[in-house]
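The next block holds one structure in the form of structure tokens; read it before the comments.
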Amino acid sequence: MENLSTPSLAGRTIVLTRSAEHNEVNRPLFEARGASVLCFPTIEIHDPPSWDAVDSVLRKLAEFTDVCFTSQYSVKKLVERARAVRPKALETLSTRTLIAVGEKTRSTLESLGFPLSHMPQPSQSSANGIVEMLRTQPLEGRKFLYPKGNIARDDLSEQLRALGASIEDVVVYQTRVPESAFAETIKQKLQQKEIDVVTFFSPSAVHNCIELVGEEAVSNAIIAAVGNTTADAATKAGLKVTIRAEQPTAESLVQSIERYYQNIGN
């Protein structure tokens with residue numbers, strides 16, 4: 001008789017807290033391992049309230065030697081706006097030194113036809129990774145553009161300025177807490193300990209999830225985080241991070257969750 005092994009996450013209920021779009025992309029990774037997945041978007045991406053600052057940057061894009069992207073949204077929004085109001089800026093962008101943090105950011109750039117120049121090591125997949133990468137490079141004469149979200153930390157700008165670099169940041173998208181009719185259901189399931197793991201991929205997801213359902217409810221589940229920045233944000237918010245992905249990807253996170261349950265089962 002054929003011996004079929006039980007899927008590694010069978011019987012586990014896992015909450016995904018990214019945007020609706022990303023949750024649907026990541027859901028199959030968990031379901032393929034037998035998990036029951038609850039998609040609970042805690043992030044919505046919106047245009048900035050005004051495009052004036054972005055349009056100004058696009059008009060003078062040739063003044064910048066380097067452009068630093070720390071999320072795929074920063075790529076998408078900058079390119080979308082350029083296409084809409086200043087298509088010639090796209091030609092200029094393709095000739096700049098493009099720096100990207102994370103595989104998703106890199107793949108978004110390349111899928112839109114922009115060649116990547118530099119990328120920090122996967123273990124340094126944050127704005128700090130850019131700083132460490134540039135620390136040993138000559139910065140004289142280089143001017144950096146940093147398109148970012150409205151809640152992005154100022155670490156990159158501050159640290160590059162401390163190294164003597166010239167950098168200008170501009171908000172190209174807003175991250176908001178979505179209105180969620182599902183929040184009360186998630187909260188009840190957390191309170192009743194019907195959820196095993198809550199996953200986080202960004203500090204904003206941590207803060208928004210707590211805003212939607214409360215720290216006490218979230219604390220009833222195992223917390224799994226991608227990246228040190230996200231894990232640190234969860235810890236500072238009062239959550240105990242039990243699982244950390246070795247690499248900043250959904251694939252690595254699901255593997256880390258698998259190993260966790262394998263270890264406690266031994």
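The values are calculated or read from the model by the stated rules, or taken from the named source; none is laboratory data. Note that the coordinates shown come from a computational prediction; the quantities given were computed from them, not determined experimentally. Backbone-built Cβ (ideal geometry, glycine too); neighbour counts: all protein chains shown. For the accessible areas, the whole protein counts, side chains as well, though only heavy atoms, and no ligand, DNA or RNA atoms are used. Shrake-Rupley method; radii C 1.70, N 1.55, O 1.52, S 1.80 Å.
Side notes on the structure shown:
- Annotation for the stretch 166-252: GluC sites (Glu not before Pro) lying in DSSP loop with at most 10 further Cβ atoms inside 10 Å of their Cβ are Glu179.
- Taking Cys39, Cys209 and ordering them by how much accessible surface each has at a 1.4 Å probe, largest first, produces Cys39, Cys209.
- The angle between the Cα long axis of helix 72-85 and the main principal axis of the chain comes to about 40°, on a 0 to 90 degree scale.
- Efficiency of FRET from Cβ geometry, Lys88 and Asn150, R₀ 30 Å, rounded to 0.05: 0.65
- The loop-placed trypsin sites (Lys or Arg not before Pro) in the stretch 126-231, going by DSSP, that have at most 12 neighbouring Cβ atoms within 10 Å of their Cβ come out as Arg135, Lys193.
- Annotation: extensible slack from Glu211 through Ser56 equals 52.3 nm (criterion: 0.36 nm per residue apart, minus Cα-Cα distance).
- Amide H contacts under 5 Å for Val15, placed H, 5+ residues apart: Leu38, Val197, Val198, Thr199
- Candidates per GluC sites (Glu not before Pro) in the stretch 12-115, loop by DSSP, up to 10 other Cβ within 10 Å: none
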